[in-house]
Amino acid sequence: MLWLSLSLGFAAAETVRVSSETASDRLLRQIEKQLDDQAAAETEFEARRQARRAAERIESYLNSKAYFAPDISYAIEPGEAPVPLVNVEPGVRFKIAAIETDLGDAVLSEAAAEALSNVLILKPGEIAEPTEVIAQEAGLVAALRVSGYAEARALERQTLGDQEAGTLDLVYRIDPGPRIVLGEVIYPSNTRTRRAYLDRLIPFEAGAVYEPNLLSTFSRRLNATRQYSLASVQIDDTAQTVLPNGDEVRNVLVQLEERSRYTVTSGTSFSTSEGPGFTGSLTRRNATRRGDTITATATVATLERALGVDWRIPNFMAFDRTLVLSAEGGREETDAFDRESLTLSGTYEIRASRKRSFTLGAGSEFTREEDAFEQRDQQVLSTFLGARFDYADDPLDATKGWRVDSRAEPGIVIGDREAQYFSLNSQLSAYQKLDQEARFVLASRIRSGFVFGAALDELPVSRRFFAGGGGSARGFEYQSVGPRAADGTPTGGKGLLEVSGELRWRRDGPLGYVAFVDGASVVANESASFNDVRYSAGIGVRYDTLVGPIRFDIATPVDPRDGDDPVQIYVSIGQAF
């Protein structure tokens, strides 16, 4: 006989002693794990209660492992510290002898019958574990629903066990209900959005056989418009028509609750080199009743004043295709240049999947600027192609994965200076959590940019690269990394290389901490390399909010030069990358 004593509480006290003549050591150890830790019994009444409870738990566990006829008894060993005794003889482990599916009088379509035949979780001769038995039943119901039987449900199973043989005959009783054909799509009468626009989001034609993914896709597309606080899709409970083959035509009911037409947002930032900044925006939804949004954004900062308007027209010509028309005017006054500009552009965004998107566009920029070279008026005419691959787990505060943004732009410059150019700009960010709870995350970034064709003094400042500051290399003054004119004014460059690495530590609660190293290089030609990179280092604090972490960073150059400030401080919203 095998004995298993579970010693709990004080060293001299036992709680439950389990014995068996037929169970294996491995099974007894598994049984042990099912029993609660509890203090040793002080009275015989307590010991008997513990023994009874242990016997019930053991029986339940054995049943879950297909031991459907165990022999379990319990008693107590009297004494000053009475010990509960449980004897377990698990018996035979039942196997499946036969499996049958009973659909009553229902006649299924060929597709549904084939789908049922492919549900093969259990076969005759396999262990009849209840979890597998239930999973097979769920699989049968799911196969019917995917095949158009939206109301398929499981009835009470029939089982016939042979204890001597240790086998189980199993009959699944399934009510498939009628096959559903999708009819008309019915929207709420009070929705403001045009019916023609909403119909463009429907992923099925009237008369299509019901599939769960069709309704879920429709619901996802409605939610993706960001026009609704609630968007749900379901089939009507009542049939509109019963077809000669028995199929029921059901309308599709859409429930929509529109979001507020207007949204106001604001944000602030501060750095010792760039000063304070404020950004506010006003968004108007569904202005043309086609799911569009118009957003006006104003920026007032020490170095910049700007006003821009974006008109986003979603699902333009096809689903997940968005047309964006933009206009922006502003003035910048920096150490490198003074600039007034007006930019008009159109962008066609293609969302290939949740992780992949592409942009194609054209723009025209009118600019008057004064830099280290001269004062001039120019116009830039350009086209551009962009690609984004986002495999990070969070858009605002990623802990694993990676993302890539790339953009190619050919253009011509006319006006006081004329030129042709071609620019390439790419950024790769990667994230790796260092522990299971993502308390420690390693984040890295590398960005490169090159401009070919035009000479540096022929390029508008908006097409040159500058580095230094909160969005580039922290620790260096804004635009301070790179070539300078004879009087010390930054000129920008045609080659850019930036690198960053952060070790992020998240504590319990909203606070987190960061240690980071940034590097940047800007050169006058297209040959930026790691040999030219200047580095800075710093630490930071993050405070999580609903709109992303508030970021506070302090940084210093690793290799300071004359004119470099020893410390730069930055405050803004969101991770650095």
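The values are calculated or read from the model by the stated rules, or taken from the named source; none is laboratory data. Just so you know, these numbers come straight off a predicted model, no measurement behind them. Cβ placement follows ideal geometry from the backbone for every residue including glycine, while neighbour counts extend to all protein chains displayed.
Remarks
- Residue match in region 198-219 (condition: aliphatic (A, V, I, L, M), surrounded by fewer than 17 Cβ atoms within 10 Å (Cβ to Cβ) and in contact (Cβ under 8 Å) with a residue 60 or more places away in the chain): no
- Screening residue 61 on (1) among the aromatic types (Phe, Trp, Tyr); (2) at pLDDT below 90; (3) surrounded by 15 or more Cβ atoms within 10 Å (Cβ to Cβ) shows it passes everything except condition (2).
- Within region 272-293, tally of residues that are farther than 22 Å from residue 199 by Cα and aliphatic (A, V, I, L, M): 1
- Members of region 458-486 found to be in a loop (DSSP other than H, G, I, E, B), aliphatic (A, V, I, L, M) and either in contact with a strand residue (DSSP E or B) (Cβ under 9 Å, 6 or more places away or on another chain) or not assigned by TED's automatic domain parsing to the domain that holds residue 445 (or both), listed by number: 459, 473
- Residue satisfying all of: in region 356-391; modelled with pLDDT of 95 or more and either in a loop (DSSP other than H, G, I, E, B) or among the aromatic types (Phe, Trp, Tyr) (or both); farthest from residue 512 (Cα to Cα) among these: 366
- Condition check for residue 21: among the charged types (D, E, K, R), closer than 16 Å to residue 86 by Cα and at pLDDT 90 or above: yes
- Long-range neighbours under 6 Å by Cβ, at least six apart or interchain, first residue aliphatic (A, V, I, L, M) within region 420-446, second crowded, with 16+ Cβ neighbours inside 10 Å and part of a loop (DSSP other than H, G, I, E, B): 438/399; 441/399
- Contacts under 6 angstrom Cβ, first residue in region 362-379 being under 17 Å from residue 456 (Cα atoms) and not assigned by TED's automatic domain parsing to the domain that holds residue 479, partner of a type in the set (A, V, I, L, M) and surrounded by fewer than 16 Cβ atoms within 10 Å (Cβ to Cβ), 6 or more apart: none
- Looking only at residues in region 393-416 that are at pLDDT below 95 and among the small types (Gly, Ala, Ser), the one that is nearest to the chain's Cα centre (by Cα) is 398.
- Test: residue in region 417-438 that is acidic (Asp, Glu), surrounded by 14 or more Cβ atoms within 10 Å (Cβ to Cβ) and modelled with pLDDT under 95: no
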